[in-house]
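Reading through the structure tokens given below for one structure.
Derivation of every value follows stated rules applied to the coordinates shown; laboratory data play no part. Small disclaimer: the values here were computed from a predicted structure and weren't measured. With ideal geometry, Cβ positions are generated from the backbone for all residues, glycine too; neighbour counts draw on all protein chains shown.
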Amino acid sequence: MTEFSTPAVTDDDHVRGPADAPVTVLEYGDYECPYCRGAFRDVQELLAEYPAKIRFAFRNFPIAQLHPHAERAAEAAEAAAAQGKFWAMYELLLQPYARLDTDALATYAEMVGLDIPRFRADVTEQRYARKIEDDVQEGLRNGVNATPKFYVNGQRVDGKVPLEHVAELVRNAVAAAGS
């Protein structure tokens, strides 16, 4: 049996929520994956339900073989992050209606108030390809084999409907923390 490493949130991750939260949820996601888009809504509900109890981290795991726009969308998210707007871009990219072609990405960049020439140069020149590849390689070491893949306090969540199990693990962890 293959042994996978347990992911730990680092300074390189995109994180929202309190650093001392009793529950850490880490997601490896692909912006073009319909299951990631569905999970986005559920994650937002969990974060709203436990705003002070969950630290949420997101890592890129574009699966280009299945989703031809996923890598470009990850580049767009990272370019937005470089301008302090990761979460705003993340939220637009994961909407059910989101288009991920180059024109749509530029429109989203305008919507979140990015420096458009800088954004276009960052995406065109794939300035964040290394960070995205590092996320993917770390995901592979952590046992990611599909998206979305979630970890709750380091515990990998498998299954076709992972959010049901994620929600259960979060509630149990919050309860165990005495909250």
Find the relative contact order for the chain and round it to a whole percent, using C-alpha pairs within less than 8 Å whose residues are 6+ positions apart.
32
May I ask for the net charge around residue 71, where only other residues with Cβ less than 10 Å from the Cβ of residue 71 are counted and Lys, Arg are +1 while Asp, Glu are -1?
-3
The chain: longest segment with zero exposed GluC sites (Glu not before Pro), where exposed means DSSP loop plus at most 16 other C-beta atoms within 10 Å, is residues 4-124
In a GNM of the chain with a 10 Å cut-off on Cα contacts, which of 96, 68, 117 has the highest mean-square fluctuation?
117
Choice from 115, 11, 42 with maximal GNM fluctuation in the chain (Cα, 10 Å cutoff)
11
Out of the chymotrypsin sites (Phe, Trp or Tyr not before Pro) in the range 67-146, which ones are loop residues according to DSSP with at most 13 other C-beta atoms within 10 Å?
97
